[in-house]
Structure formats: structure tokens, C-alpha cells
1. Three principal axis extents, largest first, for the C-alpha atoms of region 50-102, in Å?
2. Taking K and R as +1 and D and E as -1, what net charge do the other residues with C-beta under 14 Å from the C-beta of residue 78 add up to?
3. With each pseudo-label sitting 7 Å past Cα toward Cβ, what's the residue 44-residue 74 distance in nm, one decimal?
4. Counting only Cα atoms, I'd like the Rg/Rh figure for region 1-91, Kirkwood definition for Rh.
Amino acid sequence: MQKIKYLFWLVIVAVLAIFIYQNNEYFMAEHSIGIDLYFFAGKSGELPNIVYFLAVFVIGFLISLLLSFSHGYKKRKTIKELNEKINADKQRIDEMESRLAAVEGAGSGMAGADAVDDKEKAGDAEISRA
């Protein structure tokens, strides 16, 4: 799989290099960009088109990087909350099991059918409290 991924990226870079090489005249042509807003007007210096393409690519990459960090933060926060809930539920289960063991130990002197009924009632009471 690693070799296929490497080959895929090699093909992408090769196609991109061929595209740039075949359109070298366009990419190296110099232009300036003008901005005319109501409160501000400006004009950049003469720069090759490839500089503009690279600037837009880098800006888009940074925006996507920031968005992925925010999604990762939200996921980590959700995972942390769910793990805390799991731990609290495990603690409640352990408490209920210890109470059940105590009820079973106390009911050993009763008759067999009465002890089973008492255990079921204790379990139902614990479930209704939760």
C-alpha cells in the first residue's frame, strides 16, 4: 500500500510539472493586481502569475489546516466527555455489583425461593434509582 501511495503522488507531481513546463510562458508573464475599494485603493508590483497561484494555494492550505484543527479539537473534546461518562457508568456498575453481593450474602439464611425474590426486588430497586 505504501508503494502505491508513493507512486500516486509521484504521478501527481509529474503531471503538475509537465503542466507548468508546457505553460511556462503564461506562468512567467508578469501582471499586477489592483484593489479599488471605497476607502482604499492599491496596486501590487509586477509579479509572475505563478507567484499568485502559489499565494492562493498557500492561503487555501492554511485555511483547510485551521479548519481541520478545529474539527480535531471538537472530536477530542467529545471523546473526553464520553470517556468520563463511561468511567462514571463503570463506577456505578461496580457499586451496584457490590450492593448485590452484600444482599446475596445477607440472604443466605433465607429459604431458596424467598432469597431469589429478594434479590430480584433489590435489583429492580437499584435499576429504578438509576
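1. Its Cα atoms span 77, 9, 5 Å along the three principal axes.
2. +4
3. 3.2 nm
4. My calculation of the ratio gives 1.27.
Read-outs throughout are calculated quantities, based only on the coordinates presented, and are distinct from any laboratory measurement. Everything numeric here is computed off the predicted structure, so don't read it as measured data. Positions of Cβ are generated from backbone atoms using ideal geometry, with glycine treated the same way; all protein chains shown enter the neighbour counts.
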